[in-house]
Each structure stands twice: as C-alpha cells, then as structure tokens.
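Heads up, the thing below is written out as structure tokens.
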Amino acid sequence: MALVASVRVPARVLLRAGAKPGVGRDRAGGGRAWGSGPAGVRPRVAVMKFKNPPVNSLSLEFLTELVISLEKLENDKSFRGVILTSDRPGIFSAGLDLTEMCGRSPAHYAEYWKAVQELWLRLYQSNLVLVSAINGACPAGGCLVALTCDYRILADNPRYCIGLNETQLGIIAPFWLKDTLENTIGHRAAERALQLGLLFPPAEALQVGIVDQVVPEEQVQSTALSAIAQWMAIPDHARQLTKAMMRKATASRLITQRDADVQNFVSFISKDSIQKSLQMYLERLKEKKG
C-alpha cells in the first residue's frame with residue numbers, strides 16, 4: 001500500500017500522488033501535478049487504484065473504504081484531481097458484490113444499498129476532477145463508477161467491455177444510474193443498452209459515447225494524466241460550479257428519494273425469484289472457477 005502526502009488510506013485502495021509540473025517522467029509517487037494552487041499550494045493529482053481481489057467487486061467494506069479515501073482527498077486542498085484505475089490489469093471492477101445481495105437479511109440489503117448510493121453521490125458530486133483509466137473489464141457497478149467521472153479512457157482490448165448488464169442477471173439498474181447513462185449516451189441508446197444488458201467492446205463504447213477515448217493498453221495511464229491536465233487548466237471555481245449546475249437535477253432525484261429507493265431495492269432483491277436467480281448465477285461462477 002502506498003501512503004502519499006500524509007493521506008492515510010484503507011488497504012483495498014492504493015493512492016499515489018504527484019510530481020512537479022512539467023516533469024516528463026513520474027517520480028516514485030507515480031503521478032503528476034500541474035499548475036499553481038492558491039497561496040502557493042501546488043495542486044496535485046492522486047491515482048486511486050482499486051485492490052480488492054480477485055475482481056475488485058464492490059463489497060460493503062470496499063464501498064466504505066472508497067468513500068473514505070475520496071473524502072480524505074477532498075479534505076486535502078492540495079489535491080485537485082483523481083485518476084481512478086485498477087491495481088490489477090484485466091479487470092477494472094466486476095461490479096456489485098452479489099454475495100452481499102444473496103442469502104442475507106433485509107437489514108443487510110438496506111445497509112449495502114445505502115453504501116452503493118453513498119458512493120455514487122460522493123463520486124458524482126465531487127468537486128475534484130475525476131478521470132477513469134479503465135484498464136480492464138468494466139461491467140455493471142464498475143460502469144457505475146466510471147460513469148460518475150468527468151472523463152473516461154478505455155484500453156483497446158476486445159475483452160475489456162463496459163456497460164450496465166444488470167438485466168442479464170435478472171435485476172435492474174436503479175433510476176439514478178439509468179439517469180447517469182441516459183445523460184451520457186442519450187435516451188434511445190440508453191433504453192436499448194439497459195433492456196438488453198449490453199456490454200460494449202472498446203470501438204462500440206467509443207461510438208456510443210460511453211467512453212471518451214480508446215487508446216492502446218500501455219497508454220491508458222499516460223493518456224489519463226494528459227487528459228486531467230486539460231481539466232485542471234480551467235479555474236477550479238468556474239469548473240466546479242459548472243459541474244454542480246450540470247449534475248444537480250440528477251443528484252437531487254436520488255437525494256430526495258433515498259429512503260424510498262432503499263425500500264424498493266430491499267423489496268425487489270428479497271423476492272424468492274430474484275434470490276433464486278442470483279443463487280443460480282453464483283453457482284455457475286463457482287463451476288467456472290472449478
């Protein structure tokens with residue numbers, strides 16, 4: 001685990017912070033920073049790497065740690081940007097942890113869904129510049145994380161698909177995640193993608209607009225650093241206010257309906273038919289691993 005600039009982080013999230021502006025190579029910290037901050041403070045970029053083997057599933061513990069890590073960066077005013085990526089190439093995040101939603105109590109389902117909501121709200125409303133460097137497969141909850149970012153870069157590998165494939169598992173994306181996808185790729189494309197549970201390979205992902213760039217795998221990190229520099233060149237107050245203005249309506253829909261959304265999730269996920277569907281899917285995964 002890397003501890004950078006006195007930012008203490010949990011074990012499942014690696015943070016690296018940056019070097020001096022204009023330096024052509026990374027220092028030991030593994031990141032870069034650009035521009036000049038207020039009162040002589042040099043703004044920096046953190047690289048947040050997901051490390052929750054084997055597939056970076058969004059377990060309750062992992063969700064909590066991600067929120068804590070982001071909060072620490074937001075409270076450290078020397079940071080202006082974060083690159084989200086995976087510590088293990090080949091998988092950005094497999095999404096929500098199905099074991100958190102199968103064979104548990106209604107109280108646990110409620111706790112888990114509140115954590116999912118909190119992560120989305122924190123990322124979606126963050127004042128930091130967020131860039132996702134997607135260096136692996138990015139389905140469902142992994143796509144949720146990527147969609148909250150200001151900019152998305154996907155490695156050009158046909159195995160690295162991105163999308164919301166919930167319907168293929170017999171479940172549905174929540175309205176606020178539907179809104180996020182619709183805001184990104186438009187109503188018709190989102191309707192088709194959500195109903196069919198589509199996962200887009202890189203070329204299609206770029207065409208539909210779910211990612212902003214597709215680059216060779218070895219260039220994902222350097223491209224993310226270049227992209228975040230462009231965003232950080234804009235005065236923070238103007239960029240932050242514009243971001244908040246653009247995202248306020250979507251965020252407010254969830255904020256005003258959080259309790260109802262939790263109740264709907266618990267009611268849905270507790271149904272016998274849904275539990276059986278999830279159990280069958282988990283059993284198939286075990287057979288594949290075997």
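The values are calculated or read from the model by the stated rules, or taken from the named source; none is laboratory data. What you see is a predicted model, and the numbers here were worked out from it, not measured in a lab. Neighbour counts are summed over all protein chains in view; Cβ atoms, including those assigned to glycine, are modelled from backbone coordinates with ideal geometry. Heads up: the accessible areas ignore ligands, DNA and RNA and are worked out on the full protein's heavy atoms, side chains in. Shrake-Rupley method; radii C 1.70, N 1.55, O 1.52, S 1.80 Å.
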Where residues in segment 199-225 are among the small types (Gly, Ala, Ser) and surrounded by fewer than 19 Cβ atoms within 10 Å (Cβ to Cβ), which of them is nearest to Leu147 (Cα to Cα)? Gly209
Scanning segment 15-56 residue by residue, those open to solvent by 20 Å² or more (accessible area, probe 1.4 Å), in contact with a strand residue (DSSP E or B) (Cβ under 7 Å, 6 or more places away or on another chain) and at pLDDT 85 or above turn out to be Arg44, Lys49, Lys51, Val55
Exactly one of Lys248, Lys288 is without any contact (Cβ under 8 Å) to a residue 60 or more places away in the chain, over 23 Å from Gln117 (Cα atoms) and open to solvent by 60 Å² or more (accessible area, probe 1.4 Å), and that one is Lys288
All but one of (1) farther than 21 Å from Leu282 by Cα; (2) touching a Leu at 6+ places or on another chain (Cβ under 7 Å) hold for Gly95, so report the exception by its number. (1)
For residues in segment 178-198 being open to solvent by 20 Å² or more (accessible area, probe 1.4 Å) and not in a helix (DSSP H, G or I), which is farthest from Ala140 (Cα to Cα)? Gly186
Just to be sure I understand, how many residues within segment 102-125 are assigned to a loop (DSSP other than H, G, I, E, B) and closer than 20 Å to Gln257 by Cβ? 1
Hits in segment 126-150 - residues which are assigned to a loop (DSSP other than H, G, I, E, B) and closer than 23 Å to Pro89 by Cα: Asn135, Ala140, Thr148, Cys149, Asp150
How many of the residues in segment 155-177 are part of a loop (DSSP other than H, G, I, E, B), of a type in the set (Phe, Trp, Tyr) and open to solvent by 40 Å² or more (accessible area, probe 1.4 Å)? 0
Within segment 89-112, residues being touching a strand residue (DSSP E or B) at 6+ places or on another chain (Cβ under 9 Å) and buried (at least 17 other Cβ atoms within 10 Å of the Cβ) number 9
Among the residues of segment 133-141, is any within 24 Å of Ser267 (Cα to Cα) and open to solvent by less than 10 Å² (accessible area, probe 1.4 Å)? yes
